[in-house]
1. Could you tell me which of the residues 66, 19, 12 is on the phi < 0 side of the Ramachandran plot, among the aromatic types (Phe, Trp, Tyr) and open to solvent by 40 Å² or more (accessible area, probe 1.4 Å)?
2. Mind listing whichever residues of segment 203-231 are under 30 Å from residue 326 (Cβ atoms) and not in a strand (DSSP E or B)?
3. Would it be correct to say that residue 182 is out of contact with any helix residue (DSSP H, G or I) (no Cβ under 6 Å at 6 or more places or on another chain), surrounded by 13 or more Cβ atoms within 10 Å (Cβ to Cβ) and closer than 30 Å to residue 62 by Cβ?
4. Quick one: which of 314, 288 is outside any helix (DSSP H, G or I) and surrounded by 22 or more Cβ atoms within 10 Å (Cβ to Cβ)?
5. Name the single residue, out of those in segment 146-162 being in a helix (DSSP H, G or I) and touching a residue at least 40 places away in the same chain (Cβ under 8 Å), that is most open to solvent (accessible area, probe 1.4 Å).
6. Can you pull out every residue in segment 242-269 that is hydroxyl-bearing (Ser, Thr, Tyr), in contact with a Ser or Thr (Cβ under 9 Å, 6 or more places away or on another chain) and assigned to a strand (DSSP E or B)?
7. Could you check, for segment 181-196, whether at least one of its residues is in contact (Cβ under 8 Å) with a residue 60 or more places away in the chain and in a loop (DSSP other than H, G, I, E, B)?
8. Applying the selection to segment 53-79, what residues are in contact (Cβ under 8 Å) with a residue 60 or more places away in the chain, outside any strand (DSSP E or B) and under 18 Å from residue 6 (Cβ atoms)?
Amino acid sequence: MHDTYTEILLPFASSPELFERYTNAWGGLRTGMLMEHLDSLAGSISYKHMLGPGVETLGRIRERGFYMVTASVDRLDVLAPLSPVRDIRLSGIVIYTGTSSIEVAVKMEALDESGVEDTLLLGRFAMVCRDAQTHKARPVNPLILGSREETALYSIGEQAKKRRQSSALRSLSRVPPSSTEAEELHSVYLQYAQDNGQSKYERVWMGDTHLEKTMLMFPQERNVHQKVFGGYLMRLAYELGFASASLFTRSHVTFMSLDSISFAKPVPIGSILRLTSQVLHTTPPGEFPGLVHVGVQANVVDVRTGHEQTTNDFRFTWHPDDGAGVVRQVVPKTYQEAMLWLEGKRALEMGNQIRGERNKKPSG
């Protein structure tokens, strides 16, 4: 396991030129660009696991006989603010291997002048190995554990894979919502969907939060497989999702978590990509912190037929900076939107659970 450890240092504090390339409109760092680096890092680590710690170049995919792709991003959770501007270290390590899959844990840390580290973000990428000729699943190297710490990390990776599998089985695209979820959805309908003018909070139909961005995919954004780099898609989706959350809350928002990403199909160079976003769930009025859950879908458009094929599905969570919570409530109008609303609710509950567990202090 320790042979796969890799890190990248971004000296923002000591390099004004580098900071200028990553700065956002509020004087902080562009989180979407850092996500792009994390995806690239996870890919490099997975190749390092397959080719050995001494590998320096990837070479030709056909000669290697296999390639690695990002299957999903389990989570990316922010633990501390990115400001003030400090040097940033991105690191990662393989923590679990299946038959043809690799689980890569990533970390973002801030380093001050004295070398003290502050963990800013933790997350996990699920990578899969494919045969270069048949494009079918190919076995990966088994992971050798050398310490109790590595055994504990392996257990975390194994549990994460099981949780993803369990979540897929509980997906609302497969099974109906629970009776508790149905009751909560009906309560929202009674309180907000019927426009009786009694609520002091503004109702916003989910369909009215729709934003869209259509782009041509250029070869400058290609990866080693001659497809559009997944990290670039992450950045585009993050920025559109940020716009959705900001317009909905009517304030600047702070990123809390990337709740999931699924990579269904690669995006070809030269294709037309349509990104659409909408607010899927908001915390009840008065609840703190107020959270906004946004879904972004990436579709490749066939210009001859107009047919669209979904390639990626992104889910993000933000909270407004003003500390006033969320006073506008997103409300589903159709059954499909109601299922998205419940999926967003599940994601917020999972995020709160994870943040609660990490914030627990050991007794004694």
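1. Of 66, 19, 12, the one residue that is on the phi < 0 side of the Ramachandran plot, among the aromatic types (Phe, Trp, Tyr) and open to solvent by 40 Å² or more (accessible area, probe 1.4 Å) is 19.
2. Result: 206, 207, 208, 209, 210, 231.
3. No, not satisfied.
4. It is 314.
5. 156
6. 257, 260, 262
7. Within segment 181-196 (the criterion being in contact (Cβ under 8 Å) with a residue 60 or more places away in the chain and in a loop (DSSP other than H, G, I, E, B)), the answer is no, since none of the residues qualifies.
8. Selection gives 58 alone.
The values are calculated or read from the model by the stated rules, or taken from the named source; none is laboratory data. Here the structure is a predicted model, which is why all the values come from computation and not from measurement. Cβ: placed from backbone, ideal geometry, glycine included. Neighbour counts: every protein chain shown. Remember, those area values only see protein heavy atoms, side chains included, never the ligands or the DNA or RNA. Shrake-Rupley method; radii C 1.70, N 1.55, O 1.52, S 1.80 Å.
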